[in-house]
Every structure is written in structure tokens, then in C-alpha cells.
Amino acid sequence: MASRPAVGLGLRENLPQFTLLVAVNAFVGAMVGLERSTLPLIGETDFGLSSSAAVLSFIVAFGLTKSLTNLVAGVGAERLGRRRLLILGWAVALPVPLLIAVAPSWAWIVAANALLGINQGLTWSMTVVMKIDLVGPQRRGLALGLNEAAGYGGVAVAAALSGWLAADFAPRDVLVSGGAGIAVIGVMVSAAFVRDTAGHVQLEQQRHHDVEEPAPRLTEVLPDATYRRPLLRACSQAGLVNNLNDALAWGLIPLFLVSSGASPAQVGLVAGLYPGVWGVGQILAGHWSDRVGRKPLIVAGMLIQAAALGLLAASDGAVAIAAVAAVGLGVGTALVYPTLIAAVSDAVSPIARAPTLGVYRFWRDMGYVAGGLLAGIASDALGYSGAITIVAALTAGSGLWVACDLDD
């Protein structure tokens, strides 16, 4: 009988499996990226929605289910295994394109996005945690940069391609066919080739922490990551505000640009630039945070995001200015996104990593709920520029909070 391969920690020691998980996360990102430039337009053209709050209801449903799934997945990862939850997440994605294809009303689209939130909560959470498990404590920032770069690279490519194709084909057809292909590939690759990382967690726990430490319960990690520990508290609020402004970029910017005369292809360009810069920049940001610390990058990133949103608010929907703002927003988010996850991972033991990250990701993705509600209501009341200005101010305030509350 063949012996099982020895477990080792490190990027080089686990390169094949790490690379596979990077590829899987690119598909995870592409699944949601398809909606970036198409779904807000589908709400207006196919279902006749005129209220921004009604259009953005799909983001609220997505964010709520993804947040709750993150919370459950963090605890479930220690009990059910990372690989099982990854496969389950892809299985949940399979009905999403079908629901969108046959949807007779916008409520069906909202329901499909609730399932998509479960898919993203399970698959993205598990690829994040499994990569951290594989590399150990020394290259954590780089590992997270690569993971998030792959995911948001997938978002960017899918957003740009779907926007370009929507110029020649019905946006709903583009979304349905692309989503079906991605979901099938994701579940097949994950089931056939991904291996669980429980052995890596045990090895790191033995080397660097108390071997007898039990896995924490949700009732313990929820208050720690929400308000009890200043570092985790600062990271949770920054993650929430980061995804609040991402919800605005996802749901409101396409409507803002179209209202100013932009074509679907131009919307796809702007929608792809932001996650594209975000994705590529995270590789450098994650590696940089391993060297200079987490706090400087988080503070700078939040303030850059705020400045970019301020520029967008003043653009009057001009595509060229919006593209510059999208690049700035991508740079700021690249500095923040992997660094926040690394900061949370640094602060806890391996056995507590998955549940603590689950709580952090719960609050981070509640930003989609808050952002979808705030952007929709504010834009209906104050117009697109007014809503963007409010989110810019909140983002700047969040960066200052991190500067005061996070001890690196």
C-alpha cells in the first residue's frame, strides 16, 4: 500500500496544491464577476426597475447570505473539513444560472443571489483558509495576496468580458451561459483534485502553539473579533467599510455611468479596471505587509479608496475620470484586502484561525448589506454623486479608526 505524502509547511513544499487552489479561486471570483457589469443593467432592461434601492436588492441578499455562511463555515471547517465545504459551495452554485435564466420576476434574481452568497461564502473562505494552512506563518501575507489576486483577477476578467459581450448579446444570456460553465468546472476540479489541509493545521499547532488548545466556540470568537480585542475590532470594521464601498462600485457605478451615456462596453471597462488593479496589486501588497507590517498598508489603502471615491463623485459620470477613479479604488483596496486577513491570522493560533476569520469575514461581508441599502436609499434621495460622497466620507473615517485602534 502506498504511503501518504509527508506533510510540510511552506509555499515551495506545497506548490502544486497551492497553485491548484489559486486556480480554483480564480473561478470563484469569475462566478461573481459575471454580474459586475450585467446584473444592474438586467434589472433596468429586463425587469423595468427604476429605483436604485430595488436594483441593489440583489447585493443585499448576496451580502446577507455570504456573511452568515462565513460565520458558519469558519466553525464548520474544523468539524467537517475544508475540502468538503469547498465542494458543497460549488454544488450550491449549480442552480444559480438556471434560476436567472428562467426568472419571471426580479425576486427570482434576488433568490439566485442568495444562493450565490452561500457559494462565495463557502468557496472563498475555504480557499483562503487552506492556503494559509499550507504556507505556515512565514509567508502568510504573500499567500493571501496571491489568493486574493487570483479571485479578483477572475472578477475583473469576467466583468470586462461580460460587459463586452453584453454589447452584442443579451446580458442575461451572457450571465447564464458563463455562470453555468464556471460552476460545473469548479465543482469537478474541487472534487477530483483538491486535498484537505487538516494535517497542516495540526503540524503548525504542534510547532508554534499549545498542542492541547481546543478549537474555540463561536460564542468565544464572536465577541473577540467584534469588540473585545482592539486589533480584531479595527480589522472587522475596516473590512465592513471596504465591502460597503465595493457594494457601491458593484451596483451603483454601472447605473451612474449609463445615466451619463456610457455604453455597456464602457461600463465593462470601468467595472473590470477596479478589480483588475485590485487583483494584481494584492500580490505586491501581501508580500510588502510581511516586511513592513499590516497597519501602514491598511490605513493608506482606506484613505486612497476615500480619495478615489471623492474623484468619482465629482466626475459627473465621465468615463475617463471614472476609469482613473476605478484604478485608484483598486490600488487602495489591494493594500487593504489581503492585509486585513493577514492581520487577523497573525493574532490567533492555527486552531482558532478558521472560526476567527469566519467572524471577520461575516462583518466584512455585512458591508455588502450595508452598502447595498445605503447606496440604494441615498442615491434615490440625493442622486448618484451624493451617495458616492457619503461612502467616501465613511471610508476615510474607517481608515482613521484603524490608525488609532490597530496595534501592529
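Results, tabulated for the structure shown:
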quantity: Residue among Ala396, Ala238, Ala73 with the largest mean-square fluctuation in a Gaussian network model of the chain, springs linking Cα atoms under 10 Å; calculated: Ala396
quantity: Dipole of the chain, positive direction: furthest Cα of Asn243, Val344, Gly279, with charges on the beta-carbon; calculated: Val344
quantity: Computed magnitude of the charge dipole of the chain (debye, nearest 20; Cβ of K, R +1, Cβ of D, E -1); calculated: 740
quantity: Point-to-point label distance, Glu220-Thr45, nm (Cα→Cβ direction, 7 Å offset); calculated: 5.3
quantity: If the convex hull is drawn through the Cα atoms of segment 211-266, its volume per residue in Å³; calculated: 139
quantity: Whole-number D in µm² s⁻¹ for segment 71-148, Kirkwood Cα-pair radius fed into Stokes-Einstein, 10 °C, 1.306 mPa s; calculated: 116
quantity: At most 12 other Cβ within 10 Å, DSSP loop - GluC sites (Glu not before Pro), segment 182-283; calculated: Glu212
quantity: Net charge over other residues, Cβ less than 14 angstrom from the Cβ of Ala91 (K, R count +1; D, E count -1); calculated: +2
quantity: Cα gyration tensor shape of segment 64-106, rounded if a/c is under 1.5, else prolate or oblate by comparing a/b with b/c; calculated: oblate
quantity: Between 0 and 90°, nearest 10: helix 82-93 axis offset from the chain longest Cα axis; calculated: 20
quantity: Calculated Cα extents along the principal axes in Å (choose from (i) 61, 49, 35; (ii) 58, 56, 53; (iii) 69, 59, 55), label; calculated: (i)
quantity: Percent of alpha-carbon pairs separated by more than 16 Å within segment 250-315; calculated: 58
quantity: Global geometry of segment 1-134, whether rounded, prolate or oblate, following the gyration tensor of its Cα atoms and the 1.5 cut on a/c; calculated: prolate
quantity: Folded to 0 to 90 degrees: helix 140-165 orientation relative to the chain principal axis, Cα; calculated: 30
quantity: Stokes-Einstein translational diffusion, segment 195-295 - Kirkwood Rh over all Cα pairs, 0.890 mPa s, 25 °C, in µm²/s; calculated: 138
quantity: Three-way shape call for segment 226-347 based on the alpha-carbon gyration tensor, with the a/c threshold at 1.5; calculated: prolate
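Since every read-out is calculated from the coordinates, none of them should be taken as a lab result. This is a predicted model, so every value here is computed, not measured. Don't worry about glycine lacking a Cβ; one is built from the backbone with ideal geometry, like all the others, and counts go over all protein chains shown.
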